[in-house]
Amino acid sequence: MTPNEGSPSGISYVNPVFTDYFADPFVFKVGSDYYAVGTGGQVDSASERVFRVLRSTNLVEWTPLGFALNKPEGHENGAFWAPEITQRHGRFYMYYSVGRGDKHHHLRVAVSESPEGPYFDKGQLSAKILPFAIDAHVYRHTDGCDYMFYAVDLLGGERPGTCLVVDRMLAPDRLEGNPHLVARATADWQRFEKGRSMYGGIYDWHTLEGPAAVWHDGRVYVFYSGGNWQNESYGVDFVTAEHPLGPYANGTIDRPRTLATSSEVLGPGHNSITVAADGKTEFAVYHGWDKERTARLMRIDPILWTDQGPVIDGPSVVRKTT
């Protein structure tokens, strides 16, 4: 992706751009259309499908198309989280996690001939059984290879919790099986909960999740969300490296540098990245709670590149024209 350095994108909008519950929004473009999938909200009880699908031509006006994923057998009552979709070899691959509540999540892959679905589950993504894995994100590097970033739990070290790893993809449905550490918690703002009961122990639990990678000025930047998604601690920060497999430099300090809670929007985060119709202006698509904390709603704001790294120009709540 090529960053915008000030030219107008022709987009005028007011957040939220979709007013139904739509967490972990992932936006991808096919032709001149944008599609979005996300976590939560409505469920199609008639078809037993999950993950609502939206379509737009301008990132601002979104039309619901239905529900994307046919629930896999044995997971009819599962909790389905954070879908992302990529197009490879003329087919569309959805990566998502399913578990019981907030426990025992694992990554799976589903396939469709159409961006809006239906997607049919093809099984667990990794042959290695992990106690917890969520938030898969596929990044195509300049070397033509695909890399998958995702979140796993690590119990050792000073700040145990959910961290980020990356693995090379051998095929759209197969990982190399050699994950490299991308980032783990280094600051208090990334704490999810003190004294959390996990894996038979009690931990001051920290969370990094929702990776989204982009190439900028000769480096890979991995946006991530940290803290507790349920409150104002949640925000977006980044790490950076010369190659997707690292090593990564982590410059975070005492707050999220890229996007943080405001007086109007609580816990903004779990962003994806897309480009406006001008082919230049990068937008972050993210969720944030309203002040009443009734729903996580989809929002957009442009990404600005500074000497200190990427900043999402938000969370905005008044009309903005870019």
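The values are calculated or read from the model by the stated rules, or taken from the named source; none is laboratory data. Given the structure is predicted, the values throughout are model-derived calculations rather than measurements. Cβ placement follows ideal geometry from the backbone for every residue including glycine, while neighbour counts extend to all protein chains displayed.
Scan the stretch 162-203 for residues that are assigned to a loop (DSSP other than H, G, I, E, B), touching a Ser or Thr at 6+ places or on another chain (Cβ under 8 Å) and at pLDDT 95 or above and jot them down.
Across the stretch 162-203, the qualifying residues are Pro172, Ala185, Thr186, Ala187.
If a residue has to be under 17 Å from the mean Cα position of the chain (by Cα) and not in a loop (DSSP other than H, G, I, E, B) to count, how many in the stretch 88-109 make the cut?
Here the count works out to 11.
Does the stretch 245-276 hold any residues that are among the aliphatic types (A, V, I, L, M), out of contact with any His (no Cβ under 9 Å at 6 or more places or on another chain) and closer than 23 Å to Val220 by Cα, and which are they?
Those that are among the aliphatic types (A, V, I, L, M), out of contact with any His (no Cβ under 9 Å at 6 or more places or on another chain) and closer than 23 Å to Val220 by Cα: Ala249, Ile253, Leu259, Ala260, Ile273, Val275, Ala276.
Taking the stretch 266-309 as the region of interest, how many residues are in contact with a Ser or Thr (Cβ under 7 Å, 6 or more places away or on another chain) and among the acidic types (Asp, Glu)?
Of the residues in that region, 2 qualify.
Mind listing just one residue for me: the one in the stretch 288-322 that is surrounded by fewer than 17 Cβ atoms within 10 Å (Cβ to Cβ), among the β-branched types (Val, Ile, Thr) and not in a strand (DSSP E or B) and, of those, nearest to the chain's Cα centre (by Cα)?
Thr294
Would you mind finding the one in His141, His137 that is within 20 Å of the chain's Cα centre (by Cα), buried (at least 19 other Cβ atoms within 10 Å of the Cβ) and in contact (Cβ under 8 Å) with a residue 60 or more places away in the chain?
None of the others qualify; the one that does is His137.
Can you tell which of Thr19, Thr86 is exposed (fewer than 15 other Cβ atoms within 10 Å of the Cβ) and modelled with pLDDT of 95 or more?
Going through Thr19, Thr86 in turn, just one is exposed (fewer than 15 other Cβ atoms within 10 Å of the Cβ) and modelled with pLDDT of 95 or more: Thr19.
Each row is one residue, and each column tells you yes or no for (1) assigned to a strand (DSSP E or B); (2) surrounded by fewer than 21 Cβ atoms within 10 Å (Cβ to Cβ); (3) in contact (Cβ under 8 Å) with a residue 40 or more places away in the chain.
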| residue | (1), (2), (3) |
| --- | --- |
| Trp205 | yes, no, yes |
| Glu209 | yes, no, yes |
| Ala213 | yes, no, yes |
| Tyr224 | yes, no, yes |
| Glu232 | no, yes, no |
| Ile253 | no, yes, yes |
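State whether one or more residues within the stretch 71-85 are under 24 Å from Arg174 (Cα atoms), part of a strand (DSSP E or B) and among the acidic types (Asp, Glu).
Yes - at least one qualifying residue is present in the stretch 71-85.
Scan (1) assigned to a loop (DSSP other than H, G, I, E, B); (2) in contact with a Phe, Trp or Tyr (Cβ under 9 Å, 6 or more places away or on another chain); (3) in contact (Cβ under 8 Å) with a residue 24 or more places away in the chain for the single condition Val27 breaks and write down its number.
Going through the list (1) assigned to a loop (DSSP other than H, G, I, E, B); (2) in contact with a Phe, Trp or Tyr (Cβ under 9 Å, 6 or more places away or on another chain); (3) in contact (Cβ under 8 Å) with a residue 24 or more places away in the chain, Val27 breaks only (1).
Take Arg159 and decide whether it is without any contact (Cβ under 8 Å) to a residue 60 or more places away in the chain, at negative phi and either touching a His at 6+ places or on another chain (Cβ under 7 Å) or in a strand (DSSP E or B) (or both).
Against the criterion (without any contact (Cβ under 8 Å) to a residue 60 or more places away in the chain, at negative phi and either touching a His at 6+ places or on another chain (Cβ under 7 Å) or in a strand (DSSP E or B) (or both)), Arg159 qualifies.
When the stretch 51-68 is examined, which residues are found to be among the β-branched types (Val, Ile, Thr) and either modelled with pLDDT under 95 or within 16 Å of Phe283 (Cα to Cα) (or both)?
Thr57, Val60
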